[in-house]
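The values are calculated or read from the model by the stated rules, or taken from the named source; none is laboratory data. Predicted, not measured: the structure shown is a model, and the values here were computed from it. For neighbour counting, all protein chains shown are included, and Cβ atoms are generated from backbone atoms with ideal geometry for every residue, glycine included.
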Amino acid sequence: MKAAVVPQLGSPLEIREVPVPEVTPGTVLIRTHACGVCHTDLHAANGDWPLKPTVPFIPGHEGVGEIVALGSGVDFVKLGSRVGVPWLHTACGRCEFCQTGWETLCARQQCTGYTINGGFAEYILADPNYLGFLPDGLDYVSAAPILCAGVTTYKGLKESEVRPGEWCAIVGIGGLGHLAVQYAKAMGMKVCAVARSNEKLDLAKKLGADMVVNSRDTSLAIQEVQDKLGGVHGALVTAVTNEAFGMTIGLLRRKGTMALVGLPPGDFPTPIFDVVLKRLTIRGSIVGNRKDLQEALDFAGEKKVASHAKTDKLENINQIFSDLEAGKINGRIVLDFANL
């Protein structure tokens with residue numbers, strides 16, 4: 001099969017012919033129809049994070065397609081089922097986190113496109129217990145970004161604890177943020193979109209944002225939100241700059257909560273005095289559990305959320321990565337395997 005392979009961390013990906021994965025007991029084989037390209041894939045290929053992938057490996061954790069083979073012992077999914085393979089590839093199923101709906105915190109989890117080969121390939125081997133099932137009428141290209149960008153922002157919005165009718169700031173209107181705006185509106189929140197690009201703010205307006213703020217000058221952005229709203233009840237940070245993380249604390253009103261899903265390198269300044277005196281909450285949020293994933297897909301199936309996606313070919317992955325790193329991509333790029 002054809003696949004985009006990371007030969008060495010920090011090196012350009014190589015398009016190779018590699019063996020189709022062998023179906024083993026308890027697994028399924030999926031023929032890939034589409035796979036979204038996430039900023040995490042770029043981090044993985046560059047080896048940016050402390051736990052680094054073992055090379056060579058195949059990135060991609062937004063792969064969607066149809067089941068074409070079942071391993072022995074798999075009797076609850078069917079051949080031909082339309083499914084997606086998310087970031088959470090598998091987990092132990094026995095620890096306290098797995099038993100309480102927090103399998104995303106399992107210490108023994110495996111991650112698609114990071115510790116396990118992923119969706120930048122014509123076939124993906126998967127654990128059927130962790131698949132997302134695509135609603136009828138949701139096409140593959142539209143479904144792919146929901147497997148990470150969708151479920152990550154949906155869960156992050158839950159973690160912000162913003163209630164219907166309250167204000168939520170979405171900081172960063174890119175591959176995740178443009179979906180976050182739509183999920184927040186579908187969940188009944190008032191949305192303040194914050195970004196450095198007027199083009200991205202225009203997109204946020206089209207997607208239903210109630211207010212947009214240019215954050216090129218962070219001090220002015222904070223002042224505008226505080227003057228007009230008295231601060232937001234909660235915020236979801238999808239941006240990947242330390243500056244955005246630090247700024248978001250200033251956007252919150254007293255007792256506000258910010259949920260972090262972006263992963264910039266390094267640290268960001270945290271004013272302890274403000275956090276304590278204003279009773280602020282700073283909370284990490286990592287993708288979502290299996291129920292979150294299915295709910296996120298169902299929102300898309302009901303047309304309440306739609307990924308702003310453009311398709312491209314697997315062979316162009318290095319140019320896509322370059323554009324992603326330069327911030328040139330609005331929404332999501334989805335690799336369309338019908339065009340191989």
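The set of residues in segment 71-90 that are farther than 22 Å from Asp298 by Cβ, of a type outside the set (D, E, K, R) and either at pLDDT below 95 or within 23 Å of the chain's Cα centre (by Cα) (or both) contains only Thr90.
When we screen Gly256, Gly231, Gly208 for residues that are at positive phi and touching a Leu at 6+ places or on another chain (Cβ under 7 Å), the only hit is Gly231. A residue that is buried (at least 19 other Cβ atoms within 10 Å of the Cβ), modelled with pLDDT of 95 or more, out of contact with any strand residue (DSSP E or B) (no Cβ under 6 Å at 6 or more places or on another chain) and in a loop (DSSP other than H, G, I, E, B) occurs nowhere in segment 118-130. When the criteria are applied in full, Ile173 fails the requirement of being within 20 Å of Ser81 (Cβ to Cβ) and crowded, with 21+ Cβ neighbours inside 10 Å.
Can you tell me which residue in segment 16-37 is surrounded by the most Cβ atoms within 10 Å (Cβ to Cβ), limited to those that are touching an Asp or Glu at 6+ places or on another chain (Cβ under 6 Å) and under 30 Å from Thr238 (Cβ atoms)? The residue in question is Cys35.
Okay, residues lined up against (1) farther than 21 Å from Pro265 by Cα; (2) surrounded by 17 or more Cβ atoms within 10 Å (Cβ to Cβ); (3) without any contact (Cβ under 8 Å) to a residue 12 or more places away in the chain:
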{"residue": "Ala204", "(1), (2), (3)": "yes, yes, no"}
{"residue": "Gly208", "(1), (2), (3)": "yes, no, no"}
{"residue": "Met211", "(1), (2), (3)": "yes, yes, no"}
{"residue": "Leu220", "(1), (2), (3)": "yes, no, yes"}
{"residue": "Gly230", "(1), (2), (3)": "yes, no, no"}
{"residue": "Ala235", "(1), (2), (3)": "no, yes, no"}
{"residue": "Asn242", "(1), (2), (3)": "no, no, no"}
{"residue": "Gly246", "(1), (2), (3)": "no, no, no"}
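Could you tell me whether any residue of segment 216-223 is part of a loop (DSSP other than H, G, I, E, B), modelled with pLDDT of 95 or more and of a type outside the set (A, V, I, L, M)? There is at least one residue in segment 216-223 that is part of a loop (DSSP other than H, G, I, E, B), modelled with pLDDT of 95 or more and of a type outside the set (A, V, I, L, M). Checked across segment 57-64, the condition of being touching a residue at least 40 places away in the same chain (Cβ under 8 Å), in the same structural domain as Leu314 (by TED's automatic domain parsing) and over 19 Å from the mean Cα position of the chain (by Cα) holds for at least one residue. Scanning segment 165-178 for residues that are at pLDDT 95 or above and aliphatic (A, V, I, L, M) gives Ala169, Ile170, Val171.
A single member of Leu42, Leu105 is crowded, with 16+ Cβ neighbours inside 10 Å and either under 26 Å from Val261 (Cα atoms) or in the same structural domain as Ala239 (by TED's automatic domain parsing) (or both), and it is Leu42.
Residue count for segment 166-192 satisfying the condition of being more than 29 Å from Cys35 (Cβ to Cβ), assigned to a loop (DSSP other than H, G, I, E, B) and without any contact (Cβ under 8 Å) to a residue 40 or more places away in the chain: 2. Listed residues Lys328, Lys278, Lys313, Lys303; which is assigned by TED's automatic domain parsing to the domain that holds Ala186 and either closer than 30 Å to Arg253 by Cα or not hydroxyl-bearing (Ser, Thr, Tyr) (or both)? Going through Lys328, Lys278, Lys313, Lys303 in turn, just one is assigned by TED's automatic domain parsing to the domain that holds Ala186 and either closer than 30 Å to Arg253 by Cα or not hydroxyl-bearing (Ser, Thr, Tyr) (or both): Lys278.
Just to be sure before I move on: is Gly188 more than 30 Å from Cys92 (Cβ to Cβ), in the same structural domain as Val171 (by TED's automatic domain parsing) and surrounded by fewer than 21 Cβ atoms within 10 Å (Cβ to Cβ) in the structure I sent?
Numbers: more than 30 Å from Cys92 (Cβ to Cβ): yes; in the same structural domain as Val171 (by TED's automatic domain parsing): yes; surrounded by fewer than 21 Cβ atoms within 10 Å (Cβ to Cβ): yes.
So Gly188 passes the test.
Residues in segment 45-76 that are within 19 Å of Leu147 (Cβ to Cβ), touching a strand residue (DSSP E or B) at 6+ places or on another chain (Cβ under 6 Å) and in a loop (DSSP other than H, G, I, E, B): how many? Counting residues in segment 45-76 that are within 19 Å of Leu147 (Cβ to Cβ), touching a strand residue (DSSP E or B) at 6+ places or on another chain (Cβ under 6 Å) and in a loop (DSSP other than H, G, I, E, B) gives 4. Evaluating Leu251 against the criteria (1) surrounded by fewer than 20 Cβ atoms within 10 Å (Cβ to Cβ); (2) more than 16 Å from the chain's Cα centre (by Cα); (3) in contact (Cβ under 8 Å) with a residue 60 or more places away in the chain leaves one unmet condition, (1).
Restricted to segment 323-340, and to residues there that are under 19 Å from the mean Cα position of the chain (by Cα) and assigned to a helix (DSSP H, G or I), the residue that is modelled with the highest pLDDT is Asp323.
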